[in-house]
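FYI, it's all coordinate maths here, none of it is from the lab. Everything numeric in this text was worked out from a predicted model, so none of it was measured. Don't worry about glycine lacking a Cβ; one is built from the backbone with ideal geometry, like all the others, and counts go over all protein chains shown.
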Amino acid sequence: MFEIENCYKIIFEAMLETSVLGCIAEGIDQYTNAGVAFVSGTGRILAYSGLWSNLFPMSVEKEHLILEDYEIIFEKEGISDRYLCITTVYSGRMAAGYIVLAYEKEEKEIIQELGTILAQNVKRYFEEEQRQYVLTQSLREHMIGWTLFEDDASKMTGEKNCPEEKYIAALLCKKDGRIEETIARLRNIWGCMYLYEEKEEVFLLLYRLTNRDVSAIYEKIGAEKIKCCISEVFSKIYLCKSRKNILKRMALARESRTIAVMRREKEWSMQGLYTYTASLIEKAGLSDYSVDRLLLEDEKNHTELYHTLKTYLLCENNVTVAAKALHIHRNTLVYRLKQIKECLETDVNDHVISRELLAFIMMNDASGQGIRSKTDYEDCTGVAGSIS
């Protein structure tokens, strides 16, 4: 049996060290033979003792609770020959973190007292960690989000609330502000989502989708001009991590000249492809005279034929969808398409021709050749928001 007074001494002496939580964990472990871990409210392991690392090696390796260890600690009574004591560290009414003690049975009462003492003395370290995050979620919700976007999302396949189905992943940048308000707006559009928060971004997984839902979601997010990067629909949940990486690259590639609305993976992939080859395109002098004719027509007559054709082709030659993206009447678009046809003297609805035209339009934008419509960059993300 150990003395609580000596535990106070260990805590106070550790306050003089550089790694305060680590020193407390090791000191308490050596004195009481109880494994110690300090777990943040988001599931990150802030510090741990040697004994605790022997009991939960995978979590220690990842510096974050893995789903299996979370279930052992918070849903079971113990592991191996050890019992577990979990003490919540509160910041106001919120759980800022948890102190997990792995102990021997006969020490239950004094271990519970030790947990309370530790919580009182290390609270500020948990609060410092918590300040990096804006979302209020339970540890279980944080665990699900982290597992989906950082660990092995296939572990979620057996979850009752997350079966194999259709998914969309999205990214919100914290620097855009009002994250909680934006999430609330997204929940009004689609309520079934899991959230995962990093220091600079928040990732969302929308689930329980049908094909009809997917089209409606893209359209509504685009119409409300919600600031986000969003993936195409996918059906394998283990792809969440790779989708997160794609979304991060999309966010990094955002042009300062664009309005901050939804960027869809479909258009970003195409834009990105030509952007990466821009120097080669410019060096080779690749161009298409029909595209140049549209640009000259716009400059001469103050029309918007170039941007109209680009939007129409990105919307896969769908008049209704393209008209919504351009915020014009359907008949207006039909009239403009007639003008484009006359200007180019070609059928833009021919599959081969339309693909070639779109390729040259994207290459023109990426390489900086020719004359740009004033709205090309302003609407390059907004167009994608209305594609269905």
(message) Under a crude label model (7 Å from the Cα following the beta-carbon direction), how far is Thr210 from Lys105 in nanometres?
(response) 5.5 nm
(request) Determine which aspartates and glutamates satisfy two conditions relative to Lys341: a Cα distance under 17 Å, and not lying fewer than 8 residues away in the same chain. (result) Asp288, Asp292, Glu297, Asp298, Glu304, Glu316, Asp350, Glu356
(request) Quick one: which residues, 5 or more positions from Val89 or on another chain, have an amide H under 5 Å from its amide H? H modelled 1.01 Å from N in the peptide plane, none for Pro or chain starts. (result) Ala96, Gly97, Tyr98, Ile99
(request) Read phi for every residue in region 183-191 and hand back ³J(HN,Hα) as whole Hz from Karplus 6.51 cos²θ - 1.76 cosθ + 1.60, θ = phi - 60°, with x for Gly and Pro. (result) 4, 4, 5, 5, 5, 5, 7, 8, x
(message) Using a 7 Å offset from the Cα along the Cα-to-Cβ direction at both Ser235 and Glu5, what is the distance between the two label points in nm, to one decimal?
(response) 7.0 nm
(request) Beyond 23 Å between alpha-carbons counts as too far, so tell me which of Lys155/Lys244; Lys225/Lys266; Lys220/Lys324; Lys62/Lys108 fall in that bin. (result) Lys62/Lys108
(message) Given R₀ = 45 Å, what would the calculated FRET efficiency be for Glu316 paired with Glu61, taking r from the Cβ atoms and rounding to 0.05?
(response) 0.45
(request) For Lys166 and Asn188, compute 0.36 nm times the residue count separating them, minus their Cα-Cα distance, and round to one decimal in nm. (result) 6.0 nm
(message) So the label point goes 7 Å from the Cα of Asn54 along Cα→C-beta, right? Which residues of region 4-32 then have their backbone N under 18 Å from it?
(response) 25-32
(message) Could you tell me what a quarter of the Cα convex hull surface of region 139-252 works out to, in nm² with one decimal place?
(response) 6.6 nm²
(request) Pull out the extension gain between Tyr31 and Ser80, defined as 0.36 nm times the separation in residues minus the alpha carbon to alpha carbon distance; nm, one decimal. (result) 15.6 nm
(message) Given points 7 Å out from each Cα along the Cα-Cβ axis, report the Ile353 to Glu13 separation in nanometres with one decimal.
(response) 8.5 nm
(request) Would you kindly derive the ³J(HN,Hα) couplings of region 81-89 from the backbone phi angles with the Karplus curve 6.51 cos²θ - 1.76 cosθ + 1.60 (θ = phi - 60°), listing them in order in whole Hz, with x for Gly and Pro? (result) 9, 10, 9, 10, 10, 10, 10, 7, 9
(request) Quick one: which residues, 5+ away or cross-chain, put their amide H under 5 Å from the amide H of Glu198? H built at 1.01 Å from N. (result) Phe203
(request) Please turn the phi angles of region 135-146 into ³J(HN,Hα) values with the Karplus equation 6.51 cos²θ - 1.76 cosθ + 1.60 (θ = phi - 60°), one per residue in order, whole Hz, x for glycine and proline. (result) 7, 9, 9, 6, 4, 4, 5, 4, 5, 4, x, 5
(request) Can you spot the aspartates and glutamates whose alpha carbon is less than 13 Å from Lys76's alpha carbon? Ignore those fewer than 8 places along the same chain. (result) Glu68
(request) Report the extension gain between Glu113 and Leu252 in nm, rounded to one decimal, defined as 0.36 nm multiplied by the number of residues separating them, less their alpha carbon distance. (result) 45.2 nm
(message) Taking amide H atoms as placed 1.01 Å from N in the peptide plane, list the residues 5 or more away in sequence, or in a different chain, whose amide H sits under 5 Å from that of Ala47.
(response) Phe38
